[in-house]
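Report on one structure; see the data block that follows.
The values are calculated or read from the model by the stated rules, or taken from the named source; none is laboratory data. Everything quoted here is computed from the prediction, not taken from an experiment. Ideal geometry is used to build each Cβ from the backbone, glycine not excepted, and the neighbour counts take in all protein chains shown. We work out accessible area using only protein heavy atoms, side chains counted, and drop any ligands, DNA or RNA first. Shrake-Rupley method; radii C 1.70, N 1.55, O 1.52, S 1.80 Å.
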Amino acid sequence: QVQLVESGGGLVQPGGSLRLSCAASGSTASINVMRWYRQAPGKERELVAVITSAGNTFYKDFVRGRFIISRVNGLETVYLQMNSLKPEDTAVYYCNAETRIMHYWGQGTQVTVSS
């Protein structure tokens with residue numbers, strides 16, 4: 001079992017920055033991949049960024065160059081540094097952990113980009 005807790009969301013003005021954190025507990029050694037997803041009101045949940053246990057990263061086009069995913073202590077803590085935020089980045093951001101057996105989700109953290 002893996003438990004995930006996201007934090008760091010909030011209200012920020014366009015052009016501003018936020019850093020989201022995802023803290024994993026439980027069987028963290030079994031995590032192979034961590035992902036950040038987001039879901040805006042009325043829209044489907046979408047992938048934002050990925051980081052593997054080897055440190056490989058992937059970004060969706062709409063955040064590449066603005067967001068940075070990073071990790072500490074393997075995949076026990078994963079960050080999403082979000083820069084140059086836009087109103088369209090407003091969403092609930094979720095952390096997802098992939099093991100060999102299943103995926104785990106956190107409860108999400110709200111990010112609102114507005115002036």
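Do the conditions hold for Q13, that is, is it in contact with a Lys or Arg (Cβ under 6 Å, 6 or more places away or on another chain) and either acidic (D, E) or open to solvent by 40 Å² or more (accessible area, probe 1.4 Å) (or both)? No. When each of A24, A91, A40 is tested for being under 19 Å from Q1 (Cα atoms), of a type in the set (A, V, I, L, M, F, W, C) and modelled with pLDDT of 95 or more, the lone residue that passes is A24. Sub-7 Å Cβ pairs linking a first residue in the stretch 47-58 that is of a type in the set (V, I, T) to a second residue that is surrounded by fewer than 16 Cβ atoms within 10 Å (Cβ to Cβ), at least 6 apart or interchain, are V48/K60; V50/T57; V50/F58; I51/T57; T52/N32, ordered by first then second residue.
Applying the condition of being hydrophobic (A, V, I, L, M, F, W, C) and surrounded by 12 or more Cβ atoms within 10 Å (Cβ to Cβ) to the stretch 44-56 and asking which residue is nearest to N73 (Cα to Cα) yields I51. Any residue that is without any contact (Cβ under 8 Å) to a residue 60 or more places away in the chain, open to solvent by 80 Å² or more (accessible area, probe 1.4 Å) and in contact with a strand residue (DSSP E or B) (Cβ under 7 Å, 6 or more places away or on another chain) - is there at least one of those in the stretch 93-115? So far as the stretch 93-115 goes, yes, one or more of its residues are without any contact (Cβ under 8 Å) to a residue 60 or more places away in the chain, open to solvent by 80 Å² or more (accessible area, probe 1.4 Å) and in contact with a strand residue (DSSP E or B) (Cβ under 7 Å, 6 or more places away or on another chain). Looking across the stretch 27-43, the residues that are farther than 16 Å from S53 by Cβ, surrounded by 12 or more Cβ atoms within 10 Å (Cβ to Cβ) and not hydrophobic (A, V, I, L, M, F, W, C) come down to Y37, R38, Q39. Within the stretch 64-83, being open to solvent by less than 60 Å² (accessible area, probe 1.4 Å), at pLDDT 95 or above and among the hydrophobic types (A, V, I, L, M, F, W, C) holds for F67, I69, V78, L80, M82.
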